[in-house]
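Inspection log for the structure reproduced underneath, given as structure tokens.
The values are calculated or read from the model by the stated rules, or taken from the named source; none is laboratory data. Predicted model only: the values in this text are computed from it and were never measured. Cβ sites come from the backbone with ideal geometry, for glycine too, and all protein chains shown count toward neighbours. What goes into the accessible areas is simple: the full protein's heavy atoms, side chains included, and nothing from ligands, DNA or RNA. Shrake-Rupley method; radii C 1.70, N 1.55, O 1.52, S 1.80 Å.
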Amino acid sequence: MNSKGIYWFEQIGKEDTEKVGGKGANLGEMTTAGFPVPPGFIVGAECYLEFLKENKLDQKIKETLSGLNTANPVELAEASNKIKHLIKTTPVPQPISEAIIQNYLHLGKIMRNGSRLGKFLRGLKDANLAVAIRSSATSEDSKTASFAGQNETYLNIVGEANVVDAVRACWASLFDGRSIFYRQQQHISQAAAAIAVVVQAQIPSEVSGIVFSIDPVTNNRQRVVIESIWGLGEYVVQGKVTPDHYEVNKNDLYITDRQQVVQTIQLSRISGGRTKETKVPGRLKNKRKLSDEQVTELAKLSLNLEKHYYFPQDSEFAVAGGKIYLVQTRPITTTQETGNRTSDTKEEEKFLEKMEILLTGAPASPGIKSGPAKVLKSAKEIDKIMPGDVLVATQTNPDYVPAMKKACAIVTDKGGRTSHAAIVSRELGIPCVVGTESATRLLKTGEVVTVNGAEGKVYKGGIKIVTKVTEVTKVKTENRELKTATKVYVNLAEPDKAKEIAAKNCDGVGLLRAEFMLAGIGIHPKKAIADRKQNVFIEGLTEQLTTFVQAFYPRPVVYRATDFKTNEYRSLKGGEAYEPHEENPMIGFRGAYRYIVQPEVFKMEIEAIKNVREKLEFRNLWLMIPFCRTVKELEQVKQILSDNGLRRSPSFRLWMMCEIPSNVILLDKFLEAGIDGISVGSNDLTMLTLGVDRDNENVASEYDERNEAMYLSFEKIIKTCKKYDVTCSMCGQAPSDYPELTEKLVEWGITSVSVNPDVIDHTRQVVYEAERKLISKR
């Protein structure tokens, strides 16, 4: 049964995010792909927008948010409460409420007449169908922002009127203070925010949990991670109980780790359309939640989801009547950030060996940080957290996010690696240890502690500044005094971290990724053109570029023009209408070829660059062209730049990524075409040279930048650039991970390397030692 603005799962797919939100689109996609999803429907975003329009609420909301200082908790709470009260007390237009009720009743008929799940539900006491009602904001569950727990979920809702009320409550949750704050942090327009609502047959979960298709802490792509609890799934996300933990090897589905935890409380479904915290029956407290067979089945489902989406997935599951159901999936939002984080230096680790361990728990987000502990009893105390504090709590929820943004590390009593505290910590890039059981009891406010998020340990005291003397100079662990002839640049993406990273000992930005900024703008560039909103797109990009160049001025900022692949472009608003489906997007429609085929899109980027350089007079912004397959492509791109007023000059350098074997083979001709710099994209170049997909667990072990073929390629690139007196850089983690490679790069004459922020100092030290060895050889 269908009504205007109502969509059943089987009618939609992942391209329908604009209509049904991220959660709804993924449920539809999984349903049509044949995954075991409980049936349901979605009250589309158009119903929410019609509700606002019919009651003239949009202007009132805009006025309330105008000039709001989201950093002020009191001001934020007042605005949030005002808007939520307005929405909750405004009647839902009759056509919309009737459509919701009719579809709810139809869902009940489906459940009574059909599936195995329906037979199981009929054995329960409730006469009416119980449903789970979940918010599905149009900006959530993307690859750059998970919105973990930001909007409301209502479980075990029974009865027509209660369903309509719960839908309206989900609409109101779009303006929870935490959601308003999170949108601002993610640079998502408050005015453009919309929300759909999922209405799904409630699974009376005996067991529930989360499955990751990669290890969310270490980013190990050879491993599936599963966490499970007794009862409904809210407690695993909230971190209210510590789950069992399982790890499965992707290659052979062998279970490599089983960690069983005693569970005393659970969230249960009871009659009358309610949920209640109950005690776990004595016979289950010490029992494993999942059998080996169920763990293996979940791992297979997770692998199939990752294969279907071409991207690592974070999925929620429930077990009822012995059958596994998937109730949600979303992209893992921290693969870029956590995958290369190696801030735990050898010096720090050696220092930790001598320190007293106060607590151990589950490693949830890597890194080592010291600071004074601040023990919070509830989210009402978040104003006590100062920048640099270690936030200690029983567990966190989205109300803690403003404090989590200030903290240098997080420690919780409860929760696992898939809890709210863990997910948000990984997004923020700060260390986190969860499931310690006694942190709030043993740690005292003001006590200085050190958190090792990679090992799941909390130590007494802080790591002191260790001074190390070399033959040439005194070097602090922060490397403030260390200078190298080879420049050390940084790879960046997030504007809100620009000022913080600019204060580090780096020589500029060697790789500024456009993709994250475009995701922040949120709209596909072709849709912006179709909607005649080019100025909105250009102004958004100008603003974000300015944040970087201003923070680093006068050091150079090398902006890599857009290099979204088709599957990534489709995730932007309106993207599905403009992007073809490709079996292998990595070698598909991307990079320089896009600029030639779609010059109108590239021109918007050019205008933003000109705004920053000419109107705002930040001349330290340079440009880098990615994935340039042929010399002809380079010449055509240069012509487009020239036609639009961007030409090479002493203050405007044009670089090219060297990431395709053709770039290496024909490098002389590329350089003769006129270019100021080359940046070796070691990741893509290694994959394309060796014919190895590093994300494919079947062959990833063959991926290695130290392969002889790669050494020969790197040497040729560097020496050819030196012959033409052209800057040569390498962006990627290889120079930090492999000191022996860095020695070779320095020996061959590379002029710079560009690395992630957390390894700037480590890389500077590696480069310094390589240069010192080279000097001593002479």
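How many of the residues making up the range 594-639 are modelled with pLDDT under 95, within 15 Å of PHE652 (Cβ to Cβ) and in contact with a Lys or Arg (Cβ under 8 Å, 6 or more places away or on another chain)?
Of the residues in the range 594-639, 3 are modelled with pLDDT under 95, within 15 Å of PHE652 (Cβ to Cβ) and in contact with a Lys or Arg (Cβ under 8 Å, 6 or more places away or on another chain).
Within the range 617-684, which strands (runs of 3 or more DSSP E) (wholly inside it) include 3 or more residues that are surrounded by 20 or more Cβ atoms within 10 Å (Cβ to Cβ) and on the phi > 0 side of the Ramachandran plot?
On the way: elements: 621-625, 654-658, 677-681.
Strands (runs of 3 or more DSSP E) meeting the threshold: none at all.
Name every residue in the range 283-337 that is small (Gly, Ala, Ser), buried (at least 17 other Cβ atoms within 10 Å of the Cβ) and outside any strand (DSSP E or B), in order of residue number.
Of the range 283-337, the ones small (Gly, Ala, Ser) are 291, 299, 302, 315, 318, 320-322.
When the remaining residues are screened for being buried (at least 17 other Cβ atoms within 10 Å of the Cβ), the result is 299, 302, 315, 318, 320.
Result: ALA299, SER302.
Mind listing just one residue for me: the one in the range 727-755 that is among the polar types (S, T, N, Q) and open to solvent by 20 Å² or more (accessible area, probe 1.4 Å) and, of those, farthest from GLY677 (Cα to Cα)? Spell out how you get there, then give the answer.
Our first condition is that a residue be among the polar types (S, T, N, Q); within the range 727-755, this holds for 727, 729, 733, 736, 742, 751-752, 754.
Now narrow it down to the ones that are open to solvent by 20 Å² or more (accessible area, probe 1.4 Å): 727, 751.
On the way: THR727: 4, THR751: 10 Å.
Once the filter is applied, the top-ranked residue is THR751.
Restricting attention to the range 67-96, which residues are closer than 24 Å to MET404 by Cα, touching a Gly at 6+ places or on another chain (Cβ under 9 Å) and open to solvent by less than 40 Å² (accessible area, probe 1.4 Å)?
THR70, LEU76, ALA79, SER80
State the number of residues belonging to the range 169-222 that are open to solvent by less than 10 Å² (accessible area, probe 1.4 Å) and at pLDDT below 75.
1
What is the residue count in the range 558-585 for residues that are of a type in the set (Gly, Ala, Ser), out of contact with any Phe, Trp or Tyr (no Cβ under 7 Å at 6 or more places or on another chain) and either modelled with pLDDT under 80 or open to solvent by 30 Å² or more (accessible area, probe 1.4 Å) (or both)?
Selection size over the range 558-585: 2.
Hey, does the range 575-586 have a residue that's in contact with a Pro (Cβ under 8 Å, 6 or more places away or on another chain), hydrophobic (A, V, I, L, M, F, W, C) and in contact (Cβ under 8 Å) with a residue 12 or more places away in the chain?
Here is the first cut: in the range 575-586, the residues in contact with a Pro (Cβ under 8 Å, 6 or more places away or on another chain) are none.
No, the range 575-586 contains no residue that is in contact with a Pro (Cβ under 8 Å, 6 or more places away or on another chain), hydrophobic (A, V, I, L, M, F, W, C) and in contact (Cβ under 8 Å) with a residue 12 or more places away in the chain.
Looking at LYS53, is it under 21 Å from the mean Cα position of the chain (by Cα), within 25 Å of ILE101 (Cβ to Cβ) and basic (Lys, Arg)? Can you show your working first?
Details: under 21 Å from the mean Cα position of the chain (by Cα): no; within 25 Å of ILE101 (Cβ to Cβ): yes; basic (Lys, Arg): yes.
When the stated conditions are applied, LYS53 does not pass them.
Yes/no matrix, rows are residues, columns are (1) of a type outside the set (A, V, I, L, M, F, W, C); (2) at pLDDT below 80:
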site: LYS474; (1), (2): yes, yes
site: GLU478; (1), (2): yes, yes
site: ASN491; (1), (2): yes, no
site: ILE501; (1), (2): no, no
site: ASN505; (1), (2): yes, no
site: GLY540; (1), (2): yes, no
site: GLU543; (1), (2): yes, no
site: THR546; (1), (2): yes, no
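Where residues in the range 527-557 are among the aromatic types (Phe, Trp, Tyr) and surrounded by 22 or more Cβ atoms within 10 Å (Cβ to Cβ), which of them is farthest from GLU583 (Cα to Cα)?
Here is the first cut: in the range 527-557, the residues among the aromatic types (Phe, Trp, Tyr) are 537, 548, 552-553.
Cutting the leftovers down to surrounded by 22 or more Cβ atoms within 10 Å (Cβ to Cβ) gives us 537, 548, 552.
Working: PHE537: 29, PHE548: 35, PHE552: 39 Å.
Once the filter is applied, the top-ranked residue is PHE552.
Examine the range 228-237 for a residue that is among the charged types (D, E, K, R), open to solvent by 30 Å² or more (accessible area, probe 1.4 Å), in contact with a strand residue (DSSP E or B) (Cβ under 9 Å, 6 or more places away or on another chain) and at pLDDT 90 or above, and state whether such a residue exists. If you could, list the steps in order and put the result at the bottom.
Step one: filter the range 228-237 for residues among the charged types (D, E, K, R), giving 234.
From what is left, the residues that are open to solvent by 30 Å² or more (accessible area, probe 1.4 Å) are 234.
Applying the additional criterion that residues be in contact with a strand residue (DSSP E or B) (Cβ under 9 Å, 6 or more places away or on another chain) yields 234.
Right, trim to at pLDDT 90 or above and you get none.
No, that holds for no residue.
Would you check if there is a residue in the range 30-43 being assigned to a helix (DSSP H, G or I) and in contact with a strand residue (DSSP E or B) (Cβ under 7 Å, 6 or more places away or on another chain)? Spell out how you get there, then give the answer.
At the first step, the residues of the range 30-43 found to be assigned to a helix (DSSP H, G or I) are 30-32.
Restricting the remaining residues to those that are in contact with a strand residue (DSSP E or B) (Cβ under 7 Å, 6 or more places away or on another chain) gives 30.
Checked against the condition, which is being assigned to a helix (DSSP H, G or I) and in contact with a strand residue (DSSP E or B) (Cβ under 7 Å, 6 or more places away or on another chain), the range 30-43 yields at least one hit.
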